[in-house]
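Encoded as structure tokens, the structure appears first; notes follow it.
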Amino acid sequence: MSNRLRICALLDALEQAEFSLVQERLGFSASVLSKHVSVLGDAG
């Protein structure tokens, strides 16, 4: 599963989450998660 799909799946299950929770649950560095969140935000 791609990292962006993992982020979407986690947020779908939780509806909302703080950045640090997503980072901890998925094991991403802050810079990697930030980049993926930015791309997802731009995609709408």
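No lab work stands behind these numbers, since they all come straight from the coordinates. All figures in this text were calculated on a predicted structure; none of them were measured in a lab. As a convention, Cβ positions derive from the backbone with ideal geometry for all residues, glycine included, and neighbour counts pool all protein chains shown.
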Quiz item: In nanometres, what is the gap between the two model label sites at Asp42 and Phe19, each 7 Å from Cα along Cα-to-Cβ?
Solution: 1.7 nm
Quiz prompt | Gyration tensor over alpha-carbon atoms, the chain, equivalent ellipsoid semi-axes in Å | solution = 14, 13, 10
